[in-house]
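I have placed the structure first, in the form of structure tokens, so that the comments after it can refer back to it.
The values are calculated or read from the model by the stated rules, or taken from the named source; none is laboratory data. Because the structure is predicted, anything quoted here is derived from the model rather than measured. So basically every Cβ, Gly included, is an ideal-geometry build from the backbone, and we count neighbours across all protein chains shown.
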Amino acid sequence: MKAIRPWSVPGRGVIVVFAESARCVTTAGPVQLEVAMRVKDVATRPLVWTSAEESVRHAARQLGTHQIGALIVGVGGRPVGILTDWDIVQAVADEVDLDKSSVGDYMTPVVVAIEEDAAVPDAMRQMQEYRVRHLLVLRRGKPDAMLSARDLLEGAR
């Protein structure tokens, strides 16, 4: 892990900031330092897309292949919905033919998004406010990655 910026704190020692964390070498006791993690630091890439016309079975296979919990449903590079693992569970519970049912039948037609430079606590608040487990991550206003509740938990380690 390469240090990006060391600096001195008078009477406290040297603080060395690494990409994911802060470490402190001190001569006078511990120093509390928070480094705000950004959404881009913990989001999952690449973003995996599907279409509303795709079968639910194919979408389920994509989730399994990529080991993710949600797909962005898009048309012409624009997001029009999100299909999550819970939507797949609902299709199975409905006992539909997964080869004949389309993603469009089970997707949520609203995608909640956040900019990649937003702080992780802001993303957590947004997930709570909208009661979602996945946020589309935008880079300069364009879809770039997915942030899941799991990403946040793993990023906290």
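Within segment 44-65, the set of residues being at pLDDT below 95 and not hydroxyl-bearing (Ser, Thr, Tyr) comprises 45, 46, 47. Looking at segment 25-32, can you tell me whether even one residue there is among the hydroxyl-bearing types (Ser, Thr, Tyr), at pLDDT below 95, in contact with a Lys or Arg (Cβ under 8 Å, 6 or more places away or on another chain) and surrounded by 11 or more Cβ atoms within 10 Å (Cβ to Cβ)? Yes - at least one qualifying residue is present in segment 25-32. For segment 63-90, filtered to residues that are polar (S, T, N, Q) and under 18 Å from residue 147 (Cβ atoms), the residue that is surrounded by the fewest Cβ atoms within 10 Å (Cβ to Cβ) is 67.
Of all positions in segment 125-140, none carries a residue that is in the same structural domain as residue 62 (by TED's automatic domain parsing), within 21 Å of residue 44 (Cα to Cα), polar (S, T, N, Q) and touching a Gly at 6+ places or on another chain (Cβ under 9 Å).
The condition of being part of a strand (DSSP E or B), in contact with an Asp or Glu (Cβ under 9 Å, 6 or more places away or on another chain) and modelled with pLDDT of 95 or more does not hold for residue 96. Select from segment 99-110 the residues that are within 23 Å of residue 44 (Cβ to Cβ), assigned to a loop (DSSP other than H, G, I, E, B) and modelled with pLDDT of 95 or more and list them in ascending order. 107, the sole residue that qualifies.
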